[in-house]
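Note sheet for the following structure.
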Amino acid sequence: MIRVLLVDDQSVVRAGFRVILEDAGDIEIVGEASNGPAAADLARRLTPDVVCMDVRMPGGDGIAATRQITADADPGQGPAVLVVTTFDLDEYVFGALEAGASGFILKDAEPDDLIDAVRKLARGEGLVDQSVTRRVIAEFARRKAPHQPESAAVEVLTSREIDIVRLLAQGHSNAEIAGRLFVETSTVKSHLGRAMTKIGVRDRVQTVVWAYQNGLAEPDA
């Protein structure tokens, strides 16, 4: 079972998400919170796999809560945060991405899309392949100057890992990366897993963010 914590200041939204997710059969709602501080506290105590996080909440927003949740966990561990937002390029979303969010979904998304998003985050995939997330990451990258030159990344990753992370940041799937590098998909997955462990991230979304921040990828012109 995938353990989920719901965070939204509107009880009717939480109730709707609970019905949708629990109806999936493999998802269990382990707790609910109506503000950021309560969410961070419950995340520590309940250890969910995924946190569905609203961003605009009185009494403590989702950005601070996301930052606290990711800070409380060991690098690459802890729950994945799925940001539930009204607008895909909302300023709050950029803050959540920088704070360590693993994916984004719009509040008016179809029920099946919400279920699929939770499952992907629980598997550590993030939502890189979703059009919303790609736009968010591209805009985020345009606003943020690289934290380090590419040479710093070379000191952390092998040349093969760098190739794979760079292609991932360009939006390619594991299968597409394997085709470009003439290796098996399982090989790509293994290299990517080792790279994520080295840089201390838990999913593909934060790997892409790291690539932009460390000079391995550049936003489209």
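The values are calculated or read from the model by the stated rules, or taken from the named source; none is laboratory data. Fair warning: this is a prediction, and the values are worked out from it, not measured in the lab. Positions of Cβ are backbone-derived with ideal geometry, glycine not excepted, and every protein chain shown enters the neighbour counts.
Laid out as a table, the results:
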read-out	value
Condition check for GLY78: surrounded by fewer than 18 Cβ atoms within 10 Å (Cβ to Cβ) and at positive phi	no
Helices (runs of 4 or more DSSP H) fully within segment 102-221 counting 3 or more residues that are modelled with pLDDT under 80 and within 30 Å of VAL12 (Cα to Cα)	131-143
Check on GLY36, of a type outside the set (A, V, I, L, M) and farther than 25 Å from ASP112 by Cα	yes
Residues (surrounded by fewer than 17 Cβ atoms within 10 Å (Cβ to Cβ) and closer than 12 Å to PRO79 by Cα) located in segment 6-57	ARG44, ARG45, LEU46, THR47
